[in-house]
Amino acid sequence: MRVWFFGIFVVFTTWIASAAQEADHDMAMHQPGSAMQMDAQSASYLPSPHASSGTGWQPASVPGRFWMSSRHGWDLMAHGALFLTYNQQGGPRGAGKAESVNYLMLMEQHKLGAGTLLLRQMFSAESLTSPHPGFPEILQTGETYHGEPLIDHQHPHNVFSELAAQYTLPIKERVSWLLYGGPVAEPSLGPVMYLHRESASENPAAPLSHHLQDSTHTSFGVVTTGVIIDRLKLEASEFNGREPGEQCWKIQADALDSWSLRASVAASRNLTAQYSYGRLEHPEALEPGSELRQTASVEYNHPLAEGNWASTLVWGRKRKLADNSVQNSYLLESTVNFWQKNYGYTRLELVDKDELFPQALTHPSYRIGAYTFGAVRDFVQNEHWQVGLGGDVVIYSKPAPLNPVYGDAPVSFHIFLRVRPGRSAHAH
């Protein structure tokens, strides 16, 4: 069924491309020059592939922070972030650690035939800069450490977090076809990954709902095809749905036996939305069976006279087919940049967790709430660098049965130095 459906989607996108080419030829015979005008209009509202993750869409008005150059017909871009953090997690299961969240993304773009080739590489040194067994984060679950479930910690990202290529081919006025994939890439499942979301740009911590929403952002083997029709994008992916193992420096290739579908819309320069659905085969290393995952999200970005305001709303659900259990998650996050050098941010989330006590005979699901409030101020801000000092506090809601383990009212906080490229013109 999976192979059949993916094949139908490929045939469908190919048919659209063929029909579009014929229509474009007929139209060009009667309306010369109109395609150039329409392309100029579409560039004003279609999101940039340089300021996102995988093939996801953020609003076109999201500010770009890149180092950019051109060499021999290639457009070269780089961006990333470095957080040097003191992380104090509250309650009996909390801990205080010095750590660093970090990533670097490189991009190379060149015309290829009638289309555009974009190469992307994302690297992270978190396997060296995170304490063992990972970044302390109470009530977090997902992946393993020394063969045991990783609880109350966020795993570090892989050294190779993306090694992928995307080819985009304009077909006619406001219609194009894309092909994306690589040995380390992101399938068309979920919202833009939190590290790349403008609404989460000042927050060094992963959402507690990460593994229900965007955890497939590092998949070891992905092939995606899609078609963009005006403001609508339809995509399908075949990918390796297994979560990364503990060897963060290794590319862990396996069968492309999982699939996903995603529909995205760029309603305006300031607003994008997506709905996605997928089946992941054996995603958990220590759990049998497969799972179905659904996500929906809306991202809104509003440029200000001396700053920017970005917000994201996400719903994520997974159904474990082994026992037919369902977990839901809800996230609202927002970051406002005002008077150029000042930032305020928040993340409010509710998430169902059934993996907090893996040794128990039964695994009840608990509805957890985490509410983050933080601020940052840049003390270096120029065309090359943005360096800021910030901090946040996190409070929680949880069922009473968790109080003996996590305390009645745990409070966590971060204090950090954030370094990233300076703000640049948005690249399309």
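Some notes on this structure:
- Number of the exception - Q213 against (1) of a type in the set (S, T, N, Q); (2) at pLDDT 95 or above; (3) under 28 Å from S100 (Cβ atoms); (4) open to solvent by 10 Å² or more (accessible area, probe 1.4 Å): (4)
- Test for P133: is it open to solvent by 30 Å² or more (accessible area, probe 1.4 Å) and part of a strand (DSSP E or B): no
- Here is the figure for the stretch 216-253: residues that are over 18 Å from H153 (Cβ atoms), among the hydrophobic types (A, V, I, L, M, F, W, C) and either open to solvent by less than 50 Å² (accessible area, probe 1.4 Å) or out of contact with any strand residue (DSSP E or B) (no Cβ under 7 Å at 6 or more places or on another chain) (or both) total 8.
- Residues that are over 17 Å from L212 (Cβ atoms) and open to solvent by 70 Å² or more (accessible area, probe 1.4 Å) within the stretch 257-281 comprise just one, R269.
- Enumeration of residues in the stretch 96-130 that are part of a loop (DSSP other than H, G, I, E, B) and within 23 Å of E202 (Cβ to Cβ): S124, A125, S130
- Residue among L150, L178, L163 that is surrounded by fewer than 24 Cβ atoms within 10 Å (Cβ to Cβ), of a type in the set (A, V, I, L, M) and either without any contact (Cβ under 8 Å) to a residue 40 or more places away in the chain or under 30 Å from I395 (Cα atoms) (or both): L150
- A residue that is assigned to a loop (DSSP other than H, G, I, E, B) and among the polar types (S, T, N, Q) cannot be found anywhere in the stretch 254-269.
- Meets criteria (closer than 12 Å to G190 by Cα and touching a residue at least 40 places away in the same chain (Cβ under 8 Å)) for S297: yes
- Taken across the stretch 367-381, residues that are more than 25 Å from S424 (Cα to Cα), among the aliphatic types (A, V, I, L, M) and part of a strand (DSSP E or B) do occur, with at least one present.
The values are calculated or read from the model by the stated rules, or taken from the named source; none is laboratory data. No experiment lies behind these values; they were computed from the predicted model shown. Using ideal geometry, Cβ is built from the backbone for each residue, glycine included, and neighbour counts are taken over all protein chains shown. These accessible areas exclude ligands, DNA and RNA; they are computed on the full protein's heavy atoms, side chains included. Shrake-Rupley method; radii C 1.70, N 1.55, O 1.52, S 1.80 Å.
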